[in-house]
Amino acid sequence: MEFKLEAKNTDEFLVLYPKGELDVYNTKNFKEKTIKFYEKDKKDILFDCKELEYLDSTGLGSLIYILKEVEKENHKIVIENLNPSIMKLFKITKLEDMFEIRG
């Protein structure tokens, strides 16, 4: 499935909706789009991953990169609605402590 990233602004969060597969082929575009959205309105980022089907190690790396960028401005990343296999990846790599993960 083709990867897409949509955005919506709320009072509290920049809400981003990654859809499809976030892998080595999409991470550069994902990072660039996310930072572009963030630069327009710097606030905490909420990734709603209910339509994220797959995430590989380069996808994880891009999330860490984005986290480091937003932390420079004292913001955080919240991730919600991860499917069980992607959540397992966060646990195996011990990254579930690095991000605020909900649901």
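The values are calculated or read from the model by the stated rules, or taken from the named source; none is laboratory data. For clarity, every value in this text was computed on a predicted model and none was experimentally measured. Because the Cβ atoms are built from the backbone with ideal geometry, glycine has one as well, and the counts that use them run over all protein chains shown. The protein model used for the area step is the full one, side chains on, heavy atoms only, and it has no ligands, DNA or RNA in it. Shrake-Rupley method; radii C 1.70, N 1.55, O 1.52, S 1.80 Å.
When residue 99 is tested against (1) within 11 Å of the chain's Cα centre (by Cα); (2) open to solvent by 60 Å² or more (accessible area, probe 1.4 Å), exactly one condition is not met: (2). The single condition from (1) more than 16 Å from residue 7 (Cα to Cα); (2) of a type outside the set (Lys, Arg); (3) touching a residue at least 40 places away in the same chain (Cβ under 8 Å) that residue 78 fails is (1). In summary, residue 49 fulfils each of the numbered conditions (1) closer than 20 Å to residue 29 by Cα; (2) open to solvent by 40 Å² or more (accessible area, probe 1.4 Å) with the single exception of condition (2). Please verify whether residue 23 is surrounded by 15 or more Cβ atoms within 10 Å (Cβ to Cβ) and more than 20 Å from residue 102 (Cα to Cα), treating the condition exactly as stated. Answer is yes for this residue. Scanning segment 1-19 for residues that are open to solvent by less than 90 Å² (accessible area, probe 1.4 Å) and charged (D, E, K, R) yields 6, 19.
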